[in-house]
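Engineer: Let me give you the structure first, and then I'll get to my questions.
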Amino acid sequence: MIRTVPDTISEEIELYMRTYYSLLRTTDAIKIQSLVESHTAMDSALHIYARSPYKIDVSALTYCSLRLPSVIYQVELIVLGQLEADFKRAGYTNVEQWQRVHAPGRRRRTHYDGNKTLAVMIASRSDIDDIIPILTAFQIEWNKVYHAFQLNREAQRILAAAGDQMGANHLIGLAENLNMDVADLTRLQTAWKADFMPYLRAMASRRMDMSLQLLAGSLVNYRKATSFWWRHLSRAADERDIPLWERPVYFVSSNTHSLANLLSGYAITIRDDLVQFMHALKSPDLMREWEALQTEPRKSWPNFYCYLLKKYQSANPADLQKMIETEEHVGLVRVPAQHGFDIETQIIQLNKLQPDLLDPRITERLDVERLRQSNALIINIDYPLGLAAFELLSRVTEGCDRVLGVYVMGKAATLNGRIGDVMLVNVVHDEHSQNTYLFNNCFCASDIMPYLAYGTLLDNQKAVTARGTFLQNRTYMDVFYREGYTVLEMEAGPYLSAAYEMVRPIRHPSDEIVNLYPASFDIGFIHYGSDTPFSKGHNLGAGSLGYQGMDSTYAATVAILRRIFTQELSRV
């Protein structure tokens, strides 16, 4: 077992990080261009064609596009801060009135001034380690496309002739002249949606030369931001007569839809509307899955309805309010983020759940009626990024009566599996603390396999908590792989550091092997594969989890809820 990463493995990555942190110490904005050399030298597994001046890395470009707001093609300056006060002190007095913009693949509070400046609220140092490589990779690939247009007049002519809508013939011609596969250009069209033509015109007309300014990045401010989050959550709970400080809590880090869907049963109650919507949509993929459900017993109808629900509400946003009312009726309260970082929280009162509305997979062989005697809560937070996990869990443990379990479900890269596979780990090497954590994962294969239709389940795995998605290269991964580490993710280490401080009377150590088996509460981690970095460029920029991702997510969610119910029924 390894305790630290050998210096020879991460030298290029460490150089890159030292470069941008040293540059960010300046009080003025820095040029993203100044980071290109160290970025390309890192040879990131997510940016495999970074060094090639003519090969457009469509997977990297798509990956970055999905993690940046669509207005990024108009932006010249990105300003990072932790609190609204940071921006006000720097002269950005009305950031909260700027246009709120979103990225499909990242949850950050981001505002655009309509005039080339983007304000981004960061929740921890991990946001810096995430944002900077994404911006750098995006600018590198943008400028490759710019040069491809400059070298090919025919590509410029096709773009001009396409007008406002790119037809199939224009798409094929443009791909050929930009030396791209048609499928790659189509992926960009899917990622950029209505902004596809504005993106291309902007890329054809100018080089990208973004600047970045860090207004504040102190540890104290990160803790202040977390305090604001907890204060807002506590106030919302008090307004509903749910005093968090005197209630035992099961802490879950997952998403905002899976627990809510399985506990409220809302998708099932409107299934007729969902089916009608599906037929009107005429999606071949949905129809194939619909037909398969008729004959394959392992596949789940509730999963399919939940998958349809998201699409249905995108087309019928008014239905969201009906869903929220249904959720509150069964004791589930959504508390959206108000200040700083963008993390929605759900408070779930176990004694208010309605057994007849619960997903039957959760209630099988369990006397859930007895949950009416429970005073426990589930606090479910929208999966945070990196070190923010430590701050959030620490704040929950300080503010609640006691924590009965910590359950984490999230995406990860897999070195030995496929996209959609489920991984259970019991060893985590944390790049932040340099600790190697050993713990008893309360989940085993039999908890999940009955509910998994597509993927493979891999248990007894070992994970590495990386500092950023781009901050990995093949050499780095290969050394870990030889040591038996097969899962790469970003939150397990910080969560386990917080768990250590729930068990021991001192701050978590560094560069040690840490045994968490004596913990008196549940510790459970379930990851599902979203990337296979040993397959060149095969990440969520190359595709999406789609329905198979839904299968893994809901199999994991069923396992988490069954574990919580089982533990609480024993307690009451």
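Engineer: Quickly run through region 270-302 and pick out the residues that are assigned to a helix (DSSP H, G or I), small (Gly, Ala, Ser) and surrounded by 12 or more Cβ atoms within 10 Å (Cβ to Cβ). Reasoning before the result, please.
Structural biologist: In the first step, residues of region 270-302 are kept if they are assigned to a helix (DSSP H, G or I); the result is 271-281, 284-293, 301-302.
Add one more test, that the residue is small (Gly, Ala, Ser), and what stays is 280, 292.
Of everything in region 270-302, just one residue is assigned to a helix (DSSP H, G or I), small (Gly, Ala, Ser) and surrounded by 12 or more Cβ atoms within 10 Å (Cβ to Cβ), namely Ala292.
Engineer: Might you let me know whether region 48-67 holds any residue that is surrounded by 14 or more Cβ atoms within 10 Å (Cβ to Cβ), of a type in the set (A, V, I, L, M), outside the structural domain of Glu431 (by TED's automatic domain parsing) and within 23 Å of His111 (Cβ to Cβ)?
Structural biologist: Yes, region 48-67 has at least one match.
Engineer: Select, from Gly81, Gly91, the only residue that is more than 25 Å from Tyr199 (Cβ to Cβ), buried (at least 22 other Cβ atoms within 10 Å of the Cβ) and not aliphatic (A, V, I, L, M). Reasoning before the result, please.
Structural biologist: Working: Gly91 fails: buried (at least 22 other Cβ atoms within 10 Å of the Cβ).
Result: Gly81 is the single residue among Gly81, Gly91 that is more than 25 Å from Tyr199 (Cβ to Cβ), buried (at least 22 other Cβ atoms within 10 Å of the Cβ) and not aliphatic (A, V, I, L, M).
Engineer: Quick check: is even one residue across region 505-525 of a type in the set (A, V, I, L, M, F, W, C), in a helix (DSSP H, G or I), within 17 Å of Phe390 (Cβ to Cβ) and touching a residue at least 40 places away in the same chain (Cβ under 8 Å)? Walk me through how you get there before you give the answer.
Structural biologist: Filtering region 505-525 for residues of a type in the set (A, V, I, L, M, F, W, C) gives 506, 513-514, 516, 519, 521, 523, 525.
Still in the running and in a helix (DSSP H, G or I): none.
No, every residue in region 505-525 fails to be of a type in the set (A, V, I, L, M, F, W, C), in a helix (DSSP H, G or I), within 17 Å of Phe390 (Cβ to Cβ) and touching a residue at least 40 places away in the same chain (Cβ under 8 Å).
Engineer: Kindly indicate the residue of region 108-127 that is surrounded by fewer than 20 Cβ atoms within 10 Å (Cβ to Cβ) and charged (D, E, K, R) and also farthest from Thr190 (Cα to Cα) among those meeting that condition.
Structural biologist: Arg125
Engineer: Tally the residues that are outside any loop (DSSP other than H, G, I, E, B), charged (D, E, K, R) and either touching a residue at least 24 places away in the same chain (Cβ under 8 Å) or more than 24 Å from Asp209 (Cβ to Cβ) (or both), restricting the search to region 135-186.
Structural biologist: First, the residues of region 135-186 that are outside any loop (DSSP other than H, G, I, E, B): 135-150, 153-162, 168-177, 182-186.
Remaining after also requiring charged (D, E, K, R): 141, 144, 153-154, 157, 176, 184.
Okay, now just the ones that are also either touching a residue at least 24 places away in the same chain (Cβ under 8 Å) or more than 24 Å from Asp209 (Cβ to Cβ) (or both), so 141, 144, 154, 157, 176, 184.
Qualifying residue count for the region: 6.
Engineer: Only one of (1) modelled with pLDDT under 95; (2) not in a helix (DSSP H, G or I) is not met by Ser253, so which one is it?
Structural biologist: Among (1) modelled with pLDDT under 95; (2) not in a helix (DSSP H, G or I), Ser253 violates only (1).
Engineer: Within the bounds of region 481-504, is there any residue that is modelled with pLDDT of 95 or more, charged (D, E, K, R) and surrounded by fewer than 20 Cβ atoms within 10 Å (Cβ to Cβ)?
Structural biologist: yes
Engineer: Suppose we keep only residues that are over 16 Å from Phe390 (Cα atoms) and modelled with pLDDT of 95 or more within region 417-435. Which one would you say is surrounded by the most Cβ atoms within 10 Å (Cβ to Cβ)? Step through it out loud before you land on a result.
Structural biologist: Our first condition is that a residue be over 16 Å from Phe390 (Cα atoms); within region 417-435, this holds for 417-427.
Cutting the leftovers down to modelled with pLDDT of 95 or more gives us 422-427.
Working: Val422: 30, Met423: 27, Leu424: 24, Val425: 25, Asn426: 19, Val427: 20.
For region 417-435, the residue satisfying everything is Val422.
Engineer: Another one. Within region 303-336, how many residues turn out to be surrounded by fewer than 20 Cβ atoms within 10 Å (Cβ to Cβ) and under 20 Å from the mean Cα position of the chain (by Cα)?
Structural biologist: Qualifying residue count for the region: 5.
Engineer: If you go through region 232-250, how many residues are charged (D, E, K, R) and part of a helix (DSSP H, G or I)? Quick ask: steps written out before the conclusion?
Structural biologist: As a first pass, look at region 232-250 and keep what is charged (D, E, K, R): 235, 238-241, 246-247.
From what is left, the residues that are part of a helix (DSSP H, G or I) are 235, 238-239, 246.
The qualifying residues number 4.
Engineer: Okay, next question. I'm told Val464 meets every condition in (1) out of contact with any strand residue (DSSP E or B) (no Cβ under 7 Å at 6 or more places or on another chain); (2) within 23 Å of Thr553 (Cα to Cα); (3) not polar (S, T, N, Q) except one. Can you identify the failing condition by its number?
Structural biologist: Going through (1) out of contact with any strand residue (DSSP E or B) (no Cβ under 7 Å at 6 or more places or on another chain); (2) within 23 Å of Thr553 (Cα to Cα); (3) not polar (S, T, N, Q) one by one, Val464 breaks only (1).
Engineer: Within region 464-473, can one find any residue that is surrounded by 15 or more Cβ atoms within 10 Å (Cβ to Cβ) and either basic (Lys, Arg) or over 22 Å from Gly410 (Cβ atoms) (or both)? Talk me through it step by step, then tell me what you get.
Structural biologist: Of region 464-473, the ones surrounded by 15 or more Cβ atoms within 10 Å (Cβ to Cβ) are 464-473.
Retained after the next criterion (residues that are either basic (Lys, Arg) or over 22 Å from Gly410 (Cβ atoms) (or both)): 467, 473.
Within region 464-473, one or more residues are surrounded by 15 or more Cβ atoms within 10 Å (Cβ to Cβ) and either basic (Lys, Arg) or over 22 Å from Gly410 (Cβ atoms) (or both).
Engineer: OK, next. For region 71-91, enumerate the residues that are at pLDDT below 95 and of a type in the set (S, T, N, Q).
Structural biologist: Gln82, the sole residue that qualifies.
Engineer: Mind checking whether some residue in region 376-399 is modelled with pLDDT of 95 or more, surrounded by fewer than 24 Cβ atoms within 10 Å (Cβ to Cβ) and in a loop (DSSP other than H, G, I, E, B)?
Structural biologist: Looking through region 376-399, at least one residue is modelled with pLDDT of 95 or more, surrounded by fewer than 24 Cβ atoms within 10 Å (Cβ to Cβ) and in a loop (DSSP other than H, G, I, E, B).
Engineer: Take Asp478 and tell me if it is without any contact (Cβ under 8 Å) to a residue 12 or more places away in the chain, in the same structural domain as Ser433 (by TED's automatic domain parsing), over 23 Å from the mean Cα position of the chain (by Cα) and not in a loop (DSSP other than H, G, I, E, B). First the steps, then the outcome.
Structural biologist: On the way: without any contact (Cβ under 8 Å) to a residue 12 or more places away in the chain: yes; in the same structural domain as Ser433 (by TED's automatic domain parsing): yes; over 23 Å from the mean Cα position of the chain (by Cα): yes; not in a loop (DSSP other than H, G, I, E, B): yes.
Answer is yes for this residue.
Engineer: Assess whether Val58 counts as being under 17 Å from Ile131 (Cβ atoms), touching a residue at least 24 places away in the same chain (Cβ under 8 Å) and β-branched (Val, Ile, Thr). Lay out the reasoning, then the answer.
Structural biologist: Numbers: under 17 Å from Ile131 (Cβ atoms): no; touching a residue at least 24 places away in the same chain (Cβ under 8 Å): yes; β-branched (Val, Ile, Thr): yes.
Criteria not met by Val58.
Engineer: Moving on. If Thr226 passes every condition in (1) in contact with a Phe, Trp or Tyr (Cβ under 7 Å, 6 or more places away or on another chain); (2) closer than 18 Å to Val396 by Cα; (3) hydroxyl-bearing (Ser, Thr, Tyr); (4) assigned to a helix (DSSP H, G or I) but one, which one does it miss?
Structural biologist: (1)
Engineer: Out of Ser570, Ser544, Ser552, Ser535, I need the residue that is at pLDDT 95 or above and small (Gly, Ala, Ser). Which one? Before you say what the answer is, go through the steps one by one.
Structural biologist: Numbers: Ser544 fails: at pLDDT 95 or above; Ser552 fails: at pLDDT 95 or above; Ser535 fails: at pLDDT 95 or above.
Criteria check complete, one pass: Ser570.
Engineer: Within region 232-240, is even one residue acidic (Asp, Glu), surrounded by 12 or more Cβ atoms within 10 Å (Cβ to Cβ), in contact (Cβ under 8 Å) with a residue 12 or more places away in the chain and over 30 Å from Leu61 (Cα atoms)? Can you show your working first?
Structural biologist: Looking only at region 232-240, we keep the residues that are acidic (Asp, Glu), and these are 238-239.
When the remaining residues are screened for being surrounded by 12 or more Cβ atoms within 10 Å (Cβ to Cβ), the result is 238.
Now narrow it down to the ones that are in contact (Cβ under 8 Å) with a residue 12 or more places away in the chain: none.
No; the residues of region 232-240 include none that is acidic (Asp, Glu), surrounded by 12 or more Cβ atoms within 10 Å (Cβ to Cβ), in contact (Cβ under 8 Å) with a residue 12 or more places away in the chain and over 30 Å from Leu61 (Cα atoms).
The values are calculated or read from the model by the stated rules, or taken from the named source; none is laboratory data. The structure presented is a predicted model; accordingly, all values stated were derived computationally and were not measured. Positions of Cβ are generated from backbone atoms using ideal geometry, with glycine treated the same way; all protein chains shown enter the neighbour counts.
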